[in-house]
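Comments concern the structure below.
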Amino acid sequence: MAGVGTAGAAHAASYGTPSISLSASYLSGAVGATGDPTVAVTVSQSGADASALTVAASKSSKTSVANTTDVAVTGSAGSRTVAVTAHAQGYTDLTLKVTGLGGKTATKTLHYAASPAVQLSADARYLTGASDASAAVDVGGGYVVVANDEDNTLRLYNGAASGAPVKTWDLDSALDADKEVDIEAGTRVGSTIYWTGSLGNNKDGEYKADRNTVFTTTVSGSGASTSLTFGKAYHKLRDDLLAWDKANGNHYGFAAGTKDGEIPKEIDGFNVEGLEFAPGSTTTAYVGFRAPLAPAVPGGKALIVPVTNMDKVVTGTKAAFGTPIELDLGGLSIRDIRKNAADQYLIIAGSWAADDNSDPYALYQWDGVAGHAPVKKLDLPTADAGGWESVVSVPDLTQPGARVQLITDDGDADLYGDGTQAKDLDHPEWQKSRTTWFTLN
């Protein structure tokens, strides 16, 4: 018997301590979500076939958020995938343990954060890595390039799946920017995407030159193979708008709205959040304003100023302007505007104010023609965190059951119930914006 025991011990000793590594140590989910992000797990053990190893959650620091039984492990051999089902808002540390041959084990900690359930959760996905999604452009195959107004990085996402960006492009150097451009809108013509900063003061009422930027990127490829290269930038569109308004009797109060100390998100402020081209045009761009309203009183109309030579503006030519357009959006202003190839427009209408989580939002249809009234398609839900900021693309609005994908800016949201705004979270895996599909007809 002693001989057998000795041989068994020697055999067990021939196995090394297993190893376990995670593709990310931080993971975000949402209560009631469909298709939450996952983490890839790699395991191995010297002297053993990886297929003989088991992986499971062995401990949760806060079981009310997610217990060990809420952790699902799939895959085989050395590659496994971990998914977590959230039950409550908050944080928990999940211990993932690999058990190898000879009874040897190793562990890693997955730091998990769960945001609360949202309306239309079955049609919602979460774009992680940043939380202040502010503009989005469709690049085909369900993929979308998303701008974030807290940095100068463009991110490519699979718009149909929750998770991290597929690619990123940091444009700080190309833009020669010290601070964020505060990208708030973008639109595509052919292989060129036009992007604009807010052009307004910062939240403290200070002028920041980097925000006075319009620039382009050139697209090659599509879908997951999309590539972007920086084009050109113009840094005087705000100046041109102020001079134009002054020449027209300061009708819209642009000079007053941009004075030192003036907050951009006021009814008489100055803040751009929409950019799209006029019907049938590749040169005239509609610049849509979050502020001011026209006139700058409750119930005022939303303002669009056409830039008739936008293709030349980005090469350094002074902007020329067409007749302004004022739209009745029920006292709301423009948060995004997007059209399709048939010149059917959708407008996200929201408040000029900064309190995104309490003011109404609506989606309007328009034909892009001055003097023609937009028509409300639906009221957007506001009970959940985040402000509706972006239309990915416009479907054929004549088709029954047409669906549109919208994205929220969740930067100011307390996603996990600890009083921390999403934009201030330490880990980008916990930062996220939400994208949701809505049926229009």
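A short reminder: the numbers here are calculations on the coordinates, not readings from a lab. Just so it is clear, the model here is predicted, and its values are computed rather than measured. Glycine gets a Cβ as well: all are built from the backbone with ideal geometry, and neighbour counts include every protein chain shown.
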Q.
With the cut-off at 1.5 for a/c, could you classify the chain from its C-alpha gyration tensor as rounded, prolate or oblate?
A. prolate
Q. List the lysines whose alpha-carbon lies under 17 Å from that of residue 376, not counting same-chain residues fewer than 8 positions away?
A. 301, 339
Q | Charge sum, other residues only, whose C-beta stays under 11 Å from residue 329's C-beta, Lys/Arg counted +1 and Asp/Glu -1 | A | +1
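Going by average Cβ neighbours within 10 Å, how do the peptides 379-390, 302-313 rank, with the highest at the top? Working shown, then result.
Working: 379-390: 19.9, 302-313: 22.0.
Highest-to-lowest ranking by the protection proxy: 302-313, 379-390.
Tell me, in nm to one decimal, what length is gained between residue 420 and residue 69 on full extension, where the rule is 0.36 nm per residue of separation less the Cα-Cα distance?
Numbers: separation 351, 0.36 × 351 = 126.36 nm, distance 2.82 nm.
Value of the extension gain: 123.5 nm.
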Q. What ranking, highest mean first, results for peptides 169-177, 325-333 when packing means the other Cβ atoms within 10 Å averaged over each residue?
A. 325-333, 169-177
Q.
Quick check on packing: order 396-404, 345-353 by the mean number of other C-beta atoms within 10 Å, highest mean leading.
A. 345-353, 396-404
Q | Helix 2-13 axis, angle to the chain major axis (alpha carbon atoms, nearest 10°) | A | 20
Q. Amide H to amide H, which residues 5 or more places from residue 320 or on other chains are under 5 Å from it, using H placed in the peptide plane?
A. 308, 309
Q. By how many degrees, 0 to 90 and rounded to 10, does the Cα axis of helix 237-247 deviate from the longest principal axis of the chain?
A. 20
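Going from the alpha-carbon gyration tensor of region 2-115, what semi-axes, largest first and in whole Å, does one get by taking the root of 5 times each eigenvalue?
Working: eigenvalues 209, 36, 19 Å².
Equivalent ellipsoid of region 2-115: 32, 13, 10 Å, largest first.
Mind putting a number on the dipole of the chain about its Cα centre? Charges go on the C-beta only, +1 for Lys and Arg and -1 for Asp and Glu, and I need it in Debye to the nearest 20.
1240
What does the net charge come to around residue 216 if you take all other residues with beta carbon closer than 14 Å to its beta carbon, with K and R at +1 and D and E at -1? Don't jump to the answer; show the numbers that get you there.
Working: positive: 188, 232, 312; negative: 311.
That sum, taken over residues with Cβ under 14 Å, equals +2.
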Q. Given only helices, namely DSSP H runs of n ≥ 4 each adding -39500 (n - 2.57), what is the per-residue ellipticity at 222 nm of the chain, to the nearest 500 deg cm²/dmol?
A. -2000 deg cm²/dmol
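Tally the DSSP beta bridges in the chain and give the antiparallel ones as a percent, rounded to 5. Intermediate results must be reported in sequence, preceding the final value.
Numbers: 107 of 113 bridges.
Among the beta bridges of the chain, antiparallel pairing accounts for roughly 95 percent.
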